[in-house]
1. If the viscosity is 1.567 mPa s and the temperature 4 °C, what translational diffusion coefficient in µm²/s does Stokes-Einstein give for region 85-164 when Rh comes from Kirkwood over Cα pairs?
2. Count charges around Glu93 for me, please; just the other residues with Cβ under 15 Å from its Cβ, Lys/Arg as +1, Asp/Glu as -1.
3. Could you put Leu12, Leu137 in order, starting from the residue whose Cβ has the fewest other Cβ atoms within 10 Å?
4. Can you give the FRET efficiency for Ala38 and Asn186, using 1/(1 + (r/R0)^6), R0 = 25 Å, r = Cβ-Cβ distance, to the nearest 0.05?
5. By counting other Cβ atoms within 10 Å of each Cβ, how are Leu78, Leu144, Leu167, Leu121 ranked from fewest to most?
6. Just to be sure I understand, if you calculate Cα extents along the principal axes in Å for this structure, which of (i) 44, 40, 32; (ii) 76, 35, 30; (iii) 77, 43, 28 do you get?
7. For a test of the definition: using alpha carbon positions, the gyration tensor, and the 1.5 limit on a/c, classify region 1-109 as rounded, prolate or oblate.
8. Could you check the simple spin-label distance between Met1 and Val148, using points 7 Å along Cα→Cβ, in nm with one decimal?
Amino acid sequence: MSRIVYSVMSSLDGYNTDAEGDFSWAFPPEPVVASLIADAQSVSTYLYGRRMYETMAGWETDPTWAEGSPESANFAELWQRADKVVFSRTLTEVSTQRTRLEPEFTVEALERARAEATGDLTIEGPTLAAEAFRLGLIDVVEVLVCPVIIGGGLRVFPDGVRLDLNLTREKRFENGMVQLTYERRNQ
């Protein structure tokens, strides 16, 4: 069965964006991007909220994104091949192929996406992930910890949710970033 993976970049103090919504401090160098792309090979479906989808859509709608480096081109190709499910009450249409809209994030909608997936599903973005955590649907947590403290912003993990995890991988990079993978403990 396909796993639901929460994949997120985090400051050392646990934020995905700063108080102004900026995440430029999290842009990884090429060796880190290569590792993230290797991990994404098992992903067949991306699950997004509106804001994260609008941010990520550039991998298909703006050809200059793929021109940044060979790794950027690899990721653009990988992203375009994958299915995308966007959960939004306000978005009325999508700008990318292989993308469908769901008006609400529900267990049924997520299980339908899981049943249709040929690989893992990844949730990127703390807001949508918080819903999945509250519903008990997260199987794997992948965190790229960035060596910066930003002092506030959008938290990586929601308050009031407990999930017992086992560390299954740790990878360190020369720039101080650390990639951690945790799997949900069998209950």
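Every number in this text was worked out from the coordinates using simple rules, so none of it is lab data. What you see is a predicted model; the values in this text were computed from it and never measured. Here the Cβ positions follow ideal geometry from the backbone for every residue, glycine too, while neighbour counts run over all protein chains shown.
1. 89 µm²/s
2. +2
3. Ordered from fewest to most neighbouring Cβ atoms within 10 Å, Leu12, Leu137 come out as Leu12, Leu137.
4. After rounding, the FRET efficiency stands at 0.45.
5. Values: Leu78 15, Leu144 20, Leu167 10, Leu121 24.
Arranged by neighbour count, lowest to highest, Leu78, Leu144, Leu167, Leu121 become Leu167, Leu78, Leu144, Leu121.
6. The listed entry that was calculated here is (i).
7. rounded
8. Going by the 7 Å Cα→Cβ label model, 3.8 nm.
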